[in-house]
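Single-structure report; data block below.
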Amino acid sequence: MTTAAEQTKSSAAISKEQGLQMYRRMVSIREFEEHANDLYLRALMPGLTHLYEGEEAVAVGICEALRADDYITSTHRGHGHCLAKGAAPDRMFAELLGKEAGYCRGKGGSMHIADPATGNLGANAIVGGSAGIATGAAFAAKQLGNGRVCICFFGEGALGQGLLYEVMNIASLWKLPVVYVCENNMYNEYTHFSETTSGEILARPAAFGLPAESVDGQDVRAVHAAAARLVGRARRGEGPSFLLCNTYRYRGHHVGDINREYYRAKQEEQRWSSERDPINLLRDWMLQKKLADSAQLERIQTEVKAEMNAAVEFAIAAPYPGVEEAEQDVYA
C-alpha cells in the first residue's frame, strides 16, 4: 500500500514569479472547493460534486507547463483542472448552480464544465471517458501542425477501462502529442486502488512503448519539472508519454461522502493533510529560499478569498436559463 512517506521526491528549482503564480492558483483551487462544499451544504447547488482538495499540485504543476492554446481533458473531479487552465471562478460557480452565465449555460453542472477558449475540452462523468477526446485532439494538432499538446487527466480508476489502452496504442503508433496523466489519489470511490489494480501501474503504458514517470503529486515543483519534460518531448514530435502523480483527496469521493472510516482511517487523512499538504509544502519552500515572505503569501490568500466570495455572490444572483433554452445546444 502506498503511503505518504513512500512518495518519490524529485523537485526542481522554480523562479519567484513561478512560485507565486503556482501558490496563488493552488490557493484559488482550495478556496473554490471550500465554497463548492458550502454551496452544497446550503442546498444551493443541485446534485453532487467531487472535490479536488489535496490534489492541487497536480493540476497546477502540469498546467503551468502548458501554452494557453494547449488542450486538456478533465474528469468528474475536475474543478482544479479548469481553474489551473485559466477558467474564471464566477462562470464556474454559475455553472455549478445551473445558471445561464455558466460555461455551459447551466446545462453541464459540476462534472461537465468545458471552456474551449482556454483549451479545456471538458470534464467527463464517465471514468476514463475523455481519453478518446484527448487523443483525438492530439491527432488534430499533429495533422494541423499547430504545435499544440493535449493533457489527458484521469484517476487511477480509469486504469480498468479498455478505452485507455486502445488510445495509448494508437497514440504510440502515430506519435501523437498527448500526455496521459494518472492522478492516483489512492481510492477508487471507496476502495483502495491496490484492491482493484494488479501489477505495476507504469508497466501498463510501457507495454505500448510510452515513456512513463512517477512523481510525488503533492510537490508542485516536482510535478511541474516532470510535466515540462514530457510536454516538451510531445511538442517536438517525439510522441505520447505517461505521468503517474501519486496524490490524495482530503474529502470523500463526493460531497455526500462524510463518514469515511469504514474504508479509510481518520489518522491517514490527518497525516496527509498535516505532513503532505501541497500548498504548505510550496509555502515552506518559498519562505526557506526567501522567494517570498509571510506577508506576501498572506496577501495572496486575502485576495483570493475576496475573489472567490465575489464569484459566489455573482453566481447566486445570476438568472437561471429560460425554458426556451431546454432544446438548444442539444445534440444526438
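Reported count of residues in segment 148-170, each being touching a Leu at 6+ places or on another chain (Cβ under 8 Å), assigned to a helix (DSSP H, G or I) and closer than 26 Å to Thr247 by Cα, is 2.
One residue is enough: does segment 296-312 have a residue meeting the conditions modelled with pLDDT of 95 or more, under 22 Å from the mean Cα position of the chain (by Cα), hydrophobic (A, V, I, L, M, F, W, C) and open to solvent by 40 Å² or more (accessible area, probe 1.4 Å)? No, because not a single residue in segment 296-312 is modelled with pLDDT of 95 or more, under 22 Å from the mean Cα position of the chain (by Cα), hydrophobic (A, V, I, L, M, F, W, C) and open to solvent by 40 Å² or more (accessible area, probe 1.4 Å). Scanning segment 107-125 for residues that are open to solvent by 20 Å² or more (accessible area, probe 1.4 Å) and either within 13 Å of Ala36 (Cα to Cα) or in contact (Cβ under 8 Å) with a residue 40 or more places away in the chain (or both) gives Lys107, Met111, Thr118, Leu121, Asn124, Ala125.
When Ser194, Ser198 are checked against the criterion of being without any contact (Cβ under 8 Å) to a residue 40 or more places away in the chain and over 25 Å from Ile133 (Cβ atoms), Ser198 stands alone in meeting it. Filtered by the rule that a residue be charged (D, E, K, R) and closer than 21 Å to Ile126 by Cβ, segment 161-214 gives Glu166, Glu183, Glu189, Arg204.
Restricting attention to segment 126-146 and to residues that are open to solvent by less than 40 Å² (accessible area, probe 1.4 Å) and touching a residue at least 40 places away in the same chain (Cβ under 8 Å), the residue that is farthest from Thr49 (Cα to Cα) turns out to be Ala141.
Pairs meeting the criteria (first residue in segment 54-72 and basic (Lys, Arg), second residue open to solvent by less than 10 Å² (accessible area, probe 1.4 Å) and assigned to a loop (DSSP other than H, G, I, E, B), beta carbons under 9 Å, at least 6 apart or on different chains) are Arg67/Gly119; Arg67/Val149.
Between a residue in segment 246-258 that is under 16 Å from Phe193 (Cβ atoms) and open to solvent by less than 40 Å² (accessible area, probe 1.4 Å) and any residue that is assigned to a loop (DSSP other than H, G, I, E, B) and of a type in the set (Gly, Ala, Ser), which pairs come within a Cβ distance under 6 Å, given they are 6 or more apart or on different chains? These pairs meet every condition: Asn246/Gly217; Thr247/Gly217; Tyr248/Gly54; Arg249/Gly54. The condition of being at negative phi, over 21 Å from the mean Cα position of the chain (by Cα) and not in a loop (DSSP other than H, G, I, E, B) holds for only one of Ala315, Ala228, Ala234, Ala292, that being Ala315. For residues that are open to solvent by less than 10 Å² (accessible area, probe 1.4 Å) and either modelled with pLDDT under 95 or assigned to a loop (DSSP other than H, G, I, E, B) (or both), scanning just segment 215-225, find the one that is nearest to Leu281 (Cα to Cα). Here the residue is Gln218. Scanning segment 179-191 for any residue that is touching a residue at least 40 places away in the same chain (Cβ under 8 Å), more than 16 Å from the chain's Cα centre (by Cα), closer than 25 Å to Glu56 by Cα and buried (at least 18 other Cβ atoms within 10 Å of the Cβ) turns up nothing.
The values are calculated or read from the model by the stated rules, or taken from the named source; none is laboratory data. As the structure is a computational prediction, the values presented were derived from the model and not from experiment. When we count neighbours, we look across all protein chains shown, and the Cβ atoms used for this are built from the backbone with ideal geometry, even at glycine. Each accessible area value is taken on the protein alone, full model and side chains, heavy atoms only, with ligands, DNA and RNA left out. Shrake-Rupley method; radii C 1.70, N 1.55, O 1.52, S 1.80 Å.
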